[in-house]
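This report refers to the structure that appears directly beneath it.
Bear in mind that the values in this text are calculations on the coordinates, not laboratory data. Because the structure is predicted, anything quoted here is derived from the model rather than measured. Every residue, glycine among them, receives a Cβ derived from its backbone with ideal geometry; neighbour counts consider all protein chains shown.
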Amino acid sequence: MFLQTYNQVTVIVDLVSTSPLIVKESRYGQDQKLAWSNGNELKKQGMPDVIPISQSTDMELKAAVSHGTPKEALKQLKYYLPGTSIRGAFRSHLERVLRGLEPEVPRVCDPFEESEFQDHHSCSDLLDHREGAFISYAASCPVCRMFGNNKLQSRITITDGVIQGKLPYNLVQREHIRIDRKSGKVNGPVLKFFGLDQTTFRMTLKLVNFELIHLKILGVLLGDLKSQNITLGFGKSKGYGVVKGEIHPLRLSYTGLDHPEGKLRGVASHANEATASWFQKRYGLGPETPVDLPGVTWKRGDMRLETEIPEKMFLEAVMPKIAFPWRSQPKLSERKLAGAL
């Protein structure tokens, strides 16, 4: 699927935290808190328990958490959202949404399920143990076809979320207590969590060599980001990590000598019928129906055709026209035979 590039969609998304957002800093925990307080119990009590991940140096991190007023010092660290954390949250969200479409007929695997006797046995484990020659793409579930597995490269790339705005950042403090379930009394000291609230992180998502159903699924993701239905990071059950997506125009490009003729086309609906047929046979794809894109301006080059689709147009006018042949997607129970060569 990646021997050549046919199409690509790129979208910039601003993730705005509407509740404290914490992707935990792995370099700081209770061991560091104990060591950096130098045995001073009063100093230890004033230090945070959980802080967001940053690109600051170890020395800068230690100086901030050990500061007499750590909240002010922590506002100066170089925070960001790891692309891997964003990607994991997006994939998990789409897995849950798509599994809910037809729960009695599993079509989306659980990437962590290694038992072949479970309904949602992971594609990675199944393909690792499958015998004979087969096409990994045809034997993978719809989410793995987008995000990849052990035998299949991902067609989605997601950058780190780069914080927008200037220092100091809007770092807020929340305090929590542990309650003993038996006695109902407070158990241990107050816990201090620091998160980034009303803070904007800019990330870029790129989808290469997509089928039209992938754009349909991408539209679900973008719509749920706009509706604040996706949470990121630590403490979701405590109300942390709610984000709102502000979607920039989608940049669409096609590579090749055959232009898409003003239509939205996936690899299976290539403008060249012979090439479309090749994609369908090579990767076990079903036919697609191209979608008209009226009112957009195309920029034409020798080998590439590009345009931009406004977010509102994509979600409200284009996405509803994209067919969603969910029941034609392979059942998980059929993967042992799918794509055999």
Worksheet, complete the sentence: Counting as exposed only chymotrypsin sites (Phe, Trp or Tyr not before Pro) in DSSP loop states with no more than 10 other Cβ atoms inside 10 Å, the longest exposed-site-free span of the chain is 118-341
Worksheet item: When the distances between all Cα atoms of region 50-97 are binned every 10 Å from zero, what whole-number percent does each bin get?
Response: 24, 37, 21, 15, 3
Worksheet item: Between A63 and D224, 0.36 nm times their residue separation minus their Cα-Cα distance comes to what?
Response: 54.1 nm
Item to complete: Alpha carbons only, please: Rg and Dmax for region 46-128, in angstrom.
Response: 20.5, 57
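Is the shape of region 1-41 rounded, prolate or oblate, going by the alpha carbon gyration tensor and its root eigenvalues a ≥ b ≥ c, with a/c under 1.5 for rounded and a/b larger than b/c for prolate?
Values: a/c = 7.72, a/b = 2.49, b/c = 3.10.
Taking the square roots of the gyration eigenvalues as a ≥ b ≥ c, region 1-41 is oblate.
Region 96-228: Rg/Rh from Cα coordinates, Kirkwood Rh?
1.12
D for the chain, whole µm²/s, Stokes-Einstein with Kirkwood Rh over alpha-carbon pairs at 4 °C and 1.567 mPa s: what number?
On the way: Rh = 22.6 Å.
Stokes-Einstein gives a translational diffusion coefficient of 57 µm²/s.
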Worksheet entry | Taking D110, D224, D292 and counting other C-beta atoms within 10 Å, the order from fewest to most | D292, D224, D110
Worksheet item: Under a point spin-label approximation (7 Å from Cα along Cα-to-Cβ), what is the T255-W278 distance to one decimal in nm?
Response: 1.4 nm
Item to complete: Give the relative contact order (percent, whole number) for the chain; include only Cα pairs under 8 Å separated by 6+ residues.
Response: 27 percent
Item to complete: Express in whole angstrom the spacing between the alpha-carbon centres of region 186-247 and region 28-67.
Response: 27 Å
Worksheet item: Which of the residue pairs K78/K238; K75/K312; K71/K312; K43/K75 have a Cα-Cα distance greater than 30 Å in the structure shown?
Response: K75/K312; K71/K312
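Rounded, prolate or oblate: pick one for region 206-341, where a ≥ b ≥ c are the square roots of the eigenvalues of its C-alpha gyration tensor, a/c under 1.5 means rounded, and failing that, prolate if a/b is larger than b/c, else oblate.
Oblate.
Before anything else, pin down the relative contact order of region 40-150: Cα pairs under 8 Å, at least 6 apart, normalised by residue count, whole percent. Present the calculation step by step, with values, prior to reporting the outcome.
Values: 90 pairs, mean separation 18.9, N = 111.
Taking the mean separation of contacting Cα pairs over the length of region 40-150, I get 17 percent.
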Worksheet item: Expressed as a rounded percentage, what relative contact order does region 221-341 have, with Cα pairs under 8 Å and six or more residues apart?
Response: 23 percent
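Classify region 5-76: rounded, prolate or oblate, from the alpha-carbon gyration tensor (a ≥ b ≥ c, eigenvalue square roots; a/c under 1.5 rounded; otherwise prolate if a/b is larger than b/c)?
On the way: a/c = 3.24, a/b = 2.54, b/c = 1.27.
In terms of gyration-tensor shape, prolate.
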